[in-house]
Each structure stands twice: as structure tokens, then as C-alpha cells.
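Q: Submitted below is the structure of interest, expressed as C-alpha cells.
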Amino acid sequence: MGKEQMELEMDNIMELIMTTEDASEQWELSQDHIKRLCNTGKIIARKRGKTWLVYRDQPNPKQTQT
């Protein structure tokens, strides 16, 4: 696989995820709250090192809370 194809694949992956900071802005929730949702499994996310990566195309948790 060539460098250009790898970069294209990486771009495609990056379109699927966001940081907790991005999620905070998009969902109008605090970044700490987003991290708690990640930690408890209430949203789709994976931790890489110290950074949570959040699946972008999931419902706003503020709208799904009961």
C-alpha cells in the first residue's frame, strides 16, 4: 500500500471519530461529562493513551437521557 492510499485511509477513519472536546461543542455538554459517558460505556468511544476517541455518528446523549 502506498503512502497516498494510507493517508486516504487515515482521512476516512478520522471522519468517523471526534475528540471529547469536539463532542462537547457538538453536543453542548461539558468535556468532563463526555469523559464520564465514555468511561461508563454510555456512548461509543475508545481510549487511546489518555485520549478518548468518540464515534461521531451516534445520537446526542443529551437527547437520549431518561
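Q: Does Ile13 satisfy the criteria of being of a type in the set (A, V, I, L, M) and either at positive phi or in contact with a Phe, Trp or Tyr (Cβ under 8 Å, 6 or more places away or on another chain) (or both)?
A: When the stated conditions are applied, Ile13 does not pass them.
Q: Ok, one more. Go through Glu15, Glu28 for me and flag whichever is in contact with a helix residue (DSSP H, G or I) (Cβ under 9 Å, 6 or more places away or on another chain) and open to solvent by 100 Å² or more (accessible area, probe 1.4 Å).
A: Glu28
The values are calculated or read from the model by the stated rules, or taken from the named source; none is laboratory data. All values derive from a computational prediction rather than experimental measurement. Here Cβ is always computed from backbone atoms with ideal geometry, including for glycine, and neighbour counts include all displayed protein chains. Areas reflect the complete protein model, heavy atoms only, side chains present, ligands, DNA and RNA absent. Shrake-Rupley method; radii C 1.70, N 1.55, O 1.52, S 1.80 Å.
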